[in-house]
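Here's the structure we're looking at; comments come further down.
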Amino acid sequence: MKVIVTENYDASCAVVAEMIRDLVKSKPACKLGLATGGTPVPIYKKLIEMNKAGEVDFSQVHTVNLDEYCGIPGTHDQSYRYFMDTNLFDHINIDKANTFVANGMGDFEANAAELEAKVREGGVADLQLLGIGNNGHIAFNEASDHLISVAHIETLTESTINANARFFEKKEDVPTKAITMGMGDILAAKCVVLVATGTAKVPAIKGLIMDNVITTQNPSTMLKMHENAIVVIDKELADAVGYKA
């Protein structure tokens, strides 16, 4: 596992945006695994700027997103399809037919099976972008006594629901289930890039980069098994976990 320490979170986002830009330039029809949440938003803003400046062309790129809430349609302003459209896809020259976010409505099991098929369709992702939950969850693979390798329906933990409540009018509106890629799907990507910032992430990141233990109680530690995993953190977070570059 490679750990990159930057001066601040904006610099972390710039590093990751440049990785994605360089991949797309070297392989115009590449496949990207994408993430939602607060973490990747500045990365997507930088990619939009690069696209508008003519630095990168997304016209042949395919994307597959990690997850989607169960029970809200893609038009809902808290759905991950809506998030991806408004934070990235609407602002770059990508063909939306080449973008995939699981359907959060209808037959959830069938929708999970469709996500699993998309993970493999045309080959695995050339790069999978990840954030990390406070408890070390990756996508919606929650800390547990076991993890599931393939796309599936996950019941969200109280801590995850609480963390997501800020995006909804009231906590009762937060979905309690989600469709998510499994850990096997994520680890199948050719390169995995995880970005993190903030003191809330200290326990999870400490478990990820400060020892050689792999545990389902911190799903991010599974990345230690990947031959091309990159963790990008800022100096403040590195200092907080005691990491010395």
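The values are calculated or read from the model by the stated rules, or taken from the named source; none is laboratory data. As the structure is a computational prediction, the values presented were derived from the model and not from experiment. Note that each Cβ is placed from the backbone with ideal geometry, even for glycine, and that neighbours are counted across all protein chains shown.
So the values come out like this:
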quantity: Candidate set: the stretch 26-46, residues that are loosely packed, with under 15 Cβ neighbours inside 10 Å and not basic (Lys, Arg); chosen: the one nearest to residue 78 (Cα to Cα); calculated: 38
quantity: Meets criteria (crowded, with 19+ Cβ neighbours inside 10 Å, among the β-branched types (Val, Ile, Thr), out of contact with any Pro (no Cβ under 6 Å at 6 or more places or on another chain) and over 28 Å from residue 28 (Cα atoms)) for residue 174; calculated: yes
quantity: Residue tally, condition closer than 14 Å to residue 136 by Cα and in contact with a strand residue (DSSP E or B) (Cβ under 6 Å, 6 or more places away or on another chain), over the stretch 184-238; calculated: 10
quantity: Strands (runs of 3 or more DSSP E) wholly inside the stretch 1-73 containing at least 2 residues that are over 16 Å from the mean Cα position of the chain (by Cα) and among the hydrophobic types (A, V, I, L, M, F, W, C); calculated: 2-6
quantity: Residues of the stretch 92-130 classified as touching a Gly at 6+ places or on another chain (Cβ under 9 Å) and surrounded by fewer than 21 Cβ atoms within 10 Å (Cβ to Cβ), total; calculated: 7
quantity: Matching entry among 163, 204, 188 (being buried (at least 18 other Cβ atoms within 10 Å of the Cβ), at negative phi, at pLDDT below 95 and not β-branched (Val, Ile, Thr)); calculated: 163
quantity: The stretch 47-59, residues that are touching an Asp or Glu at 6+ places or on another chain (Cβ under 8 Å) and surrounded by fewer than 18 Cβ atoms within 10 Å (Cβ to Cβ); calculated: 59
quantity: Any hit, the stretch 39-58, residues being closer than 19 Å to residue 119 by Cβ and among the hydroxyl-bearing types (Ser, Thr, Tyr); calculated: no
quantity: All positions within the stretch 84-117 that are within 12 Å of residue 48 (Cβ to Cβ) and part of a helix (DSSP H, G or I); calculated: 86, 87, 89, 90, 91
quantity: Of all residues making up the stretch 207-228, the number that are surrounded by fewer than 17 Cβ atoms within 10 Å (Cβ to Cβ) and farther than 18 Å from residue 238 by Cα; calculated: 8
